[in-house]
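*Asks:* My structure is below; once you've seen it, I'll send some questions.
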Amino acid sequence: MLQNSDWFLNDVEKDTLDLAFHSSGIDQCVSENLFGPRIRRYYLIHFVLEGYGVLQIEKQKYPVKPGQAFLIPAGVNAAYQADFRHPWKYCWIGYQGTQAGYYTELIFGKDYVTDISDVTFYEKMIMKALSVTDRRIHEGVKFTPEVFPLTFFSESKNASSHLMLNGLLKNLLANLVLEFQRDQEDISSVPYPEQIKAYIDRHYNEHMRIQDIADYLHLNSHYVTAIFKQKYNKTPKHYLTEIRIEKAKTYLIDTDYSLQIIANAVGLENPFSFSRLFKSMTGFSPSEYKKVCPNWFE
C-alpha cells in the first residue's frame, strides 16, 4: 500500500477551509481485508480498479465492483471489506472543509456507490498526488505489490507540497462534478429549500441572519422559514444552530482554543451567548463537554 497525508495544516485548520486535501493512496487488498467500522471526520472516495468488495454504511451493505467509486461520508459509521475470491484493488482520496459535503453531493447525489466512466483516469491523478510526497513515483509508474511490496506512508509538511496536493484535489473533484453533470449553472433550477440549506452549509461560520438568505434568493424572510420547515421539519435558524454546535463540539474536543475563538469560528461573536446556546442544545457547558466527551474520530 502507498499512502500520503498533508500535515502542513492540522485537521481543525483544514475544517475552516472551503476544501482541504486530507490523504490519498492506492492498495491491492488481500482476501476479506476489512477496514472499520470507524467514524471519520473527513470524506473518502475510493475508485475500484479491479476485484470486488462490500461497503457498509451504518447497517446497510452495498456491493461494489470494478469501474465504480464508493463514498464514505464524514461523521458516519462505515466499514468496507474485500471479496474473498476476488479482493479489490483501489485508489482513494480523502478531503474535508466547509464545502466538502456540498461538492460531494454534486458527485454522488444521495447515493454511496456510482459508476465511473474511466477509473484509470483517477488512478493516474492519485498516483500524481502520491508523487508529490514520494520520490519513488514518477510519471508512468503503476502500483503493483511486486513493485511496491511494503506499506509506505509519506507526508506533506511544507507549503509547496500542501498547495500542490490541494490543487490536485480540486482538479480531481472538478472532473467528477463535470462527469456527473450535477453542477447547476442556473441555480434557480434548484428547489428553494435546497438552496437555503446549501447557503447555510457554506456560511454557518459567518455572522449570518435569515434575512441574508432571503436577500440572496430575493425572497421574503417569512417565506424562507416556511418552505424550509416544510421540507426539513425545522426552521433555518434551528438548522443553522445545529451546524454551529456540531462544529463547536469538534473544536472543543480537538483543540485548546478559547471560547472566544471557538465562538467566532462558528459565526458567533459573544462567548457568553455561545456558552448558553451550547448548554441549551447539549445539556453540557462547553467546559463540561470537553471533559466528558471522547474524540470519536480517533
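The values are calculated or read from the model by the stated rules, or taken from the named source; none is laboratory data. What you see is a predicted model; the values in this text were computed from it and never measured. All Cβ positions, even for glycine, are placed from backbone atoms using ideal geometry, and neighbour counts span all protein chains on display.
*Asks:* In region 35-60, which residue that is among the β-branched types (V, I, T) and surrounded by 21 or more Cβ atoms within 10 Å (Cβ to Cβ) is nearest to F143 (Cα to Cα)?
*Replies:* Only one residue tops the list, namely V48.
*Asks:* Here is a further query. Any idea which of A69, A74, A78 is small (G, A, S), out of contact with any Asp or Glu (no Cβ under 6 Å at 6 or more places or on another chain) and at pLDDT 95 or above?
*Replies:* Unique residue meeting the criteria: A69.
*Asks:* Among the helices (runs of 4 or more DSSP H) confined wholly to region 198-298, which include 3 or more residues that are not aliphatic (A, V, I, L, M)?
*Replies:* Here the list reads 210-217, 221-232, 236-254, 271-282, 286-292.
*Asks:* Now for a different question. Test V48 against the criterion of being over 15 Å from I126 (Cβ atoms) and not assigned by TED's automatic domain parsing to the domain that holds I261, and give yes or no.
*Replies:* In short, no.
*Asks:* Let me ask something additional. Check off (1) under 22 Å from the mean Cα position of the chain (by Cα); (2) loosely packed, with under 15 Cβ neighbours inside 10 Å; (3) part of a helix (DSSP H, G or I) for P63 and give me the number that stays unchecked.
*Replies:* It fails just one condition, (3).
*Asks:* Give the residue that is surrounded by the most Cβ atoms within 10 Å (Cβ to Cβ), with candidates limited to residues of region 81-126 that are part of a loop (DSSP other than H, G, I, E, B), in contact (Cβ under 8 Å) with a residue 24 or more places away in the chain and under 18 Å from the mean Cα position of the chain (by Cα).
*Replies:* G97
*Asks:* Go through region 148-160 and give me each residue that's loosely packed, with under 11 Cβ neighbours inside 10 Å and closer than 15 Å to G25 by Cα.
*Replies:* P149, L150, T151
*Asks:* I've got another one for you. May I ask you to list the residues in region 38-54 that are under 17 Å from the mean Cα position of the chain (by Cα) and either in a strand (DSSP E or B) or at positive phi (or both)? Explain how you work it out, then say what you get.
*Replies:* Here is the first cut: in region 38-54, the ones under 17 Å from the mean Cα position of the chain (by Cα) are 38-47.
Scanning region 38-54 gives R38, I39, Y43, L44, I45, H46, F47.
*Asks:* Related question: Restricting the search to region 161-176, which residues are surrounded by fewer than 18 Cβ atoms within 10 Å (Cβ to Cβ) and closer than 13 Å to Y95 by Cβ?
*Replies:* Once the filter is applied, which keeps residues that are surrounded by fewer than 18 Cβ atoms within 10 Å (Cβ to Cβ) and closer than 13 Å to Y95 by Cβ, region 161-176 yields G167, K170, N171, A174.
*Asks:* Then there is this: Take region 203-254 and flag every residue that is touching a residue at least 12 places away in the same chain (Cβ under 8 Å), of a type in the set (S, T, Y) and either out of contact with any Gly (no Cβ under 8 Å at 6 or more places or on another chain) or surrounded by fewer than 19 Cβ atoms within 10 Å (Cβ to Cβ) (or both).
*Replies:* Within region 203-254, Y216, T225, Y232, Y239, T241, T250, Y251 meet the criteria.
*Asks:* Filter region 1-30 for residues that are of a type in the set (A, V, I, L, M, F, W, C) and over 30 Å from Y52 (Cβ atoms); which is surrounded by the fewest Cβ atoms within 10 Å (Cβ to Cβ)?
*Replies:* Ranking the qualifying residues of region 1-30, first place goes to W7.
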